[in-house]
Amino acid sequence: MDKSPSTRDIAVVGAGALGRWIAARMASGGADVSLVTRPGTNTGTTSCSIVGDHTAGEDGSQSLLLQEITSGPATAFCNEKFRWLLLCTKARDLEAAVRETKDLIAVDGCIAVLSNGLGHTETLKTFGIERCVTASVTYGLFAAEDGSVHRCGDGGEVVIGPLDTGSGEPLATEQSEELARRFTECSIATRVVADGTEQVWRKVMLNAGINPVAALLGCKNGDLPAHSAFALCVEAAREVQGVAIAAGVDLTAIDAEQALRDLCRDTATNRCSTLQDLDAGRPTEMEWVCGSVVRIAESDGQEAPANRLLGALVRDMEMTQAAS
Ligand code: KPL
């Protein structure tokens with residue numbers, strides 16, 4: 001009897017707004033997609049409904065049933081392997097998700113990290129992962145209480161590039177091209193860049209600028225530029241530009257204020273993920289955004305006061321929410 005694992009196509013790990021949206025878009029584009037949930041959250045099958053995404057269907061909405069696998073140590077014995085593992089978890093869950101699902105990757109497979117924040121490449125490195133890419137997402141995605149995912153705003157894109165985990169293997173440049181093609185086929189606006197690490201920092205610059213201030217004000221992204229606190233958004237984003245240099249990434253050519261204004265316009269009607277986390281009483285990802293920026297700044301003898309303040313204010317709000 002043949003006991004060799006069968007190779008399937010795509011496993012999306014993490015069933016939050018991002019994971020459900022990506023899984024549903026790819027499934028509707030004809031891909032073989034499985035949605036992998038964290039232990040204890042498996043409900044058998046899940047209905048992924050996308051609302052208001054006019055690239056998704058005639059009336060802009062669709063509902064798909066997706067197969068779920070419960071992740072956990074048992075996946076090591078699973079007789080199915082996947083060409084693609086798309087990690088869509090919250091930043092704090094990424095390490096556990098890699099541990100629980102890395103054995104699902106086929107020999108020639110590749111991991112893509114879609115999560116916000118810094119430090120994920122280092123996590124992949126500790127698990128000896130060789131082929132991986134970043135796929136940073138700037139779509140405004142909102143998970144409603146009924147489980148549907150709404151795309152908010154007209155813009156946004158996915159930017160894919162290879163990550164260097166120091167394995168000595170060639171960078172996953174071909175895989176970046178392949179995933180970009182697959183996403184594009186599913187009507188997800190996608191671009192490829194040569195350096196995935198630079199893209200991770202660009203996204204962190206945007207998240208440090210938008211997320212904490214929008215969450216503290218409780219406002220939609222589109223309302224930020226007109227607010228007096230927008231100066232703080234710009235300050236935090238500019239700090240990230242300065243700190244990135246310590247990581248060997250030069251973002252200084254970017255007009256941070258314009259980049260923030262553009263993303264606020266593209267995702268105008270979205271409540272950013274940090275605000276969604278606070279609303280739902282979940283811990284936010286700011287430890288992996290502002291917190292990481294502060295730590296990297298300190299290790300380089302720098303200061304990042306705006307990121308420090310914003311990170312602390314969001315943490316205070318998390319604690320207030322948790323106590324209520
Ligand atoms: O990444 C996001 C988030 O909410 O985390 C943006 C792109 C800012 C959309 O709100």
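About the centre of its Cα atoms, the range 199-323 shows a dipole size close to 240 debye [charges on the beta carbon of Lys, Arg (+1) and Asp, Glu (-1) only; nearest 20 debye]. Counting only Cβ charges, +1 for Lys and Arg and -1 for Asp and Glu, the dipole size of the chain around its Cα centre is about 420 debye.
Charges at C-beta only: +1 for Lys and Arg, -1 for Asp and Glu. How large is the resulting dipole of the range 111-253 about its Cα centre, in Debye rounded to 20?
200 debye
Spacing of the modelled spin labels on Thr7 and Ala253, each 7 Å from Cα toward Cβ, amounts to 3.7 nm.
Using 0.36 nm per residue, how much length does the chain from Ala246 to His227 gain when fully extended, once their Cα-Cα distance is taken away? Mind dumping the intermediate values first?
Working: separation 19, 0.36 × 19 = 6.84 nm, distance 3.11 nm.
Length gained, Ala246 through His227: 3.7 nm.
Take every Cα pair under 8 Å whose residues are at least 6 apart in sequence, average their separation, divide by the length of the range 59-172, and the relative contact order is 21 percent. Shape verdict for the range 199-323, please, from the Cα gyration tensor: rounded (a/c under 1.5), prolate (a/b greater than b/c) or oblate. Oblate, since a/c reaches 1.5 and b/c is not below a/b.
Work out the P(r) tail for the chain: percent of alpha carbon pairs separated by more than 28 Å, whole number.
Numbers: 19634 of 52326 pairs.
When every Cα pair of the chain is considered, 38 percent fall beyond 28 Å.
Close Lys pairs in the chain, defined as Cα atoms under 15 Å apart and 8 or more places apart or on different chains, number 4.
The GluC sites (Glu not before Pro) found in the range 257-315 that occupy coil by DSSP, while having at most 15 further C-beta atoms within 10 Å, are Glu303.
Take the Cα of Thr269, step 7 Å toward its Cβ, do the same at Arg181, and the gap between the two points is 3.5 nm. Taking the chain as a Gaussian network of alpha-carbon nodes connected by springs under 10 Å, the highest mean-square fluctuation of the residues Ile160, Ile69, Ile50 belongs to Ile69. Placing dummy labels 7 Å off each Cα toward the beta-carbon, the span from Gln321 to Ser299 is 2.8 nm. Proximity of backbone amide H atoms, modeled 1.01 Å from N, is registered between Gln67 and Leu35 at under 5 Å, excluding neighbours fewer than 5 places apart on the same chain.
For Ser167, the shell of other residues with beta-carbons less than 9 Å away shows a net charge of -1, using +1 for Lys and Arg and -1 for Asp and Glu.
Rounded, prolate or oblate: which fits the range 230-293, taking a ≥ b ≥ c as square roots of the Cα gyration tensor eigenvalues, rounded meaning a/c under 1.5, else prolate when a/b beats b/c?
It comes out oblate by the Cα gyration axes.
Each of Pro162, Ser115, Leu104 was placed along the dipole of the chain (beta-carbon charges, centred on the mean Cα), and the one lying farthest toward the positive end is Leu104.
Read-outs: derived from the displayed coordinates by stated rules, not from any lab. Given the structure is predicted, the values throughout are model-derived calculations rather than measurements. We place every Cβ from the backbone using ideal geometry, glycine too, and count neighbours over all the protein chains shown.
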